[in-house]
Amino acid sequence: MWERGVWKAVGAEGGGSSEGSTGRGNGSECVAREGGWFAHPEPAPALRRAPHPALLLLRDVEAVAKRQPSNAVDCSGQRLAAVPPELPLDTGNLSLAHNRIARIPPGYLACYGELRVLDLRNNSLAELPAGLFAAAGRLAQLDLSYNNFSHVAADAFAEARALRRLDLSHNPGLRRVHPHAFRGLAQLRDLDLSHGALGALSLEALEALPALVSLQIGGNPWVCGCTMEPLLKWLRSRVQRCSSDSQVAECRAPPEVAGAPLFSLTEESFKACHLTLTLDDYLFIAFVGFVVSIASVATNFLLGITANCCHRWSKASEDEEI
């Protein structure tokens, strides 16, 4: 409803309904101001005086004049346990941050084709339903930081082809990123995987991001073994065009490089990963094996003779006593 220059959505708890589609959940309400919807801390009254028709006409004129492509809906910090069931169809910026949301229903974004920014940080999400972004062809920014993700599945964001910024930081249980996790994100420019539990990252996952210019991977327990070498080479080759916090990313294992900055590792650090045997090495191994075999046969022969002599000596001693 229109009240003192504010278009207010009254949900079920307020006893009324707005003339436009609104978002409401768990006792919170969203308020629109000049094209933007914002969380309202107080419940709306059940009954309000109907606006004058002239005000309705003025509102429509102002909406046409002032509406921007990214109409904002802010339901952050409302202690929501579930996503709001209904939102304005032209929502362009949706913030559900700082709530208690643990699950998003399949197809939740199916009706919001104008959505460009989705903020889901600081919730309790552990996974995303398949096909969530099927209708989100304009989604450019997605924030999933401070959640409970343990892995990123293959093609998790493949349908969000316009995505330019993806934040998966501060997921303390994030241990695995599938090699095809970012497939289809040809426009992604900013990827944040910092402060998780990643020990390794497939190079194939990053090679699927040709437009990447910013990568954050610090704060993870990286295992700087032989499998790290391809990733490190890729990072070095992208230093000029891809800003990265790899300079502050540190190795957690193996013990000999624990605590060392990732970029401090050189080709010498991975020299043992490329050891190959020459013909001389194989000949030496064969010779050693032959010598060991001869020594083993000789040892067994001597042990047999010794045992036989002991047996004869014992028998001779018994005959003398008799």
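Matching residues to (1) under 15 Å from LEU185 (Cβ atoms); (2) modelled with pLDDT of 95 or more; (3) of a type outside the set (A, V, I, L, M):
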| residue | (1), (2), (3) |
| --- | --- |
| TYR112 | no, no, yes |
| VAL117 | no, yes, no |
| LEU120 | no, yes, no |
| ASN123 | no, yes, yes |
| ALA130 | no, no, no |
| GLN141 | yes, yes, yes |
| TYR146 | no, yes, yes |
| SER150 | no, yes, yes |
| Can you spot a residue in region 165-182 that is in the same structural domain as ASP74 (by TED's automatic domain parsing), closer than 25 Å to PRO105 by Cβ, touching a Lys or Arg at 6+ places or on another chain (Cβ under 8 Å) and buried (at least 18 other Cβ atoms within 10 Å of the Cβ)? | yes
| query | Is it true that ASP319 is among the charged types (D, E, K, R), modelled with pLDDT under 80 and either closer than 30 Å to CYS226 by Cβ or not in a helix (DSSP H, G or I) (or both)? | reply | no
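Restricting to region 103-118, give me the number of residues that are outside any loop (DSSP other than H, G, I, E, B) and among the small types (Gly, Ala, Ser). Please lay out each step first, then the result.
We begin by selecting, within region 103-118, every residue outside any loop (DSSP other than H, G, I, E, B); these are 117-118.
Pick out the ones that are also among the small types (Gly, Ala, Ser) and you get none.
Count: 0.
One line per residue, one yes/no per condition, for (1) closer than 21 Å to HIS195 by Cα; (2) in contact with a strand residue (DSSP E or B) (Cβ under 7 Å, 6 or more places away or on another chain):
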site	(1), (2)
LEU89	no, no
ALA97	yes, yes
TYR108	no, no
GLY113	no, no
VAL117	no, yes
ALA130	no, no
ALA134	no, no
PHE149	yes, no
VAL152	yes, yes
| Can you name the condition, by its number, that ARG183 falls short on among (1) at pLDDT below 90; (2) within 15 Å of the chain's Cα centre (by Cα)? | (1)
| message | Restricting to region 239-260, and then to whatever is at pLDDT 80 or above and either in contact with a Lys or Arg (Cβ under 7 Å, 6 or more places away or on another chain) or part of a strand (DSSP E or B) (or both), can you tell me which residue is surrounded by the most Cβ atoms within 10 Å (Cβ to Cβ)? | response | CYS251
| Residue under evaluation THR276, criteria (1) of a type outside the set (Gly, Ala, Ser); (2) modelled with pLDDT under 85; (3) assigned to a helix (DSSP H, G or I), criterion not met | (3)
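The values are calculated or read from the model by the stated rules, or taken from the named source; none is laboratory data. Since the structure is predicted, the reported quantities are computational estimates derived from the model, not experimental observations. Virtual Cβ from ideal backbone geometry, glycine too; neighbours counted across all protein chains shown.
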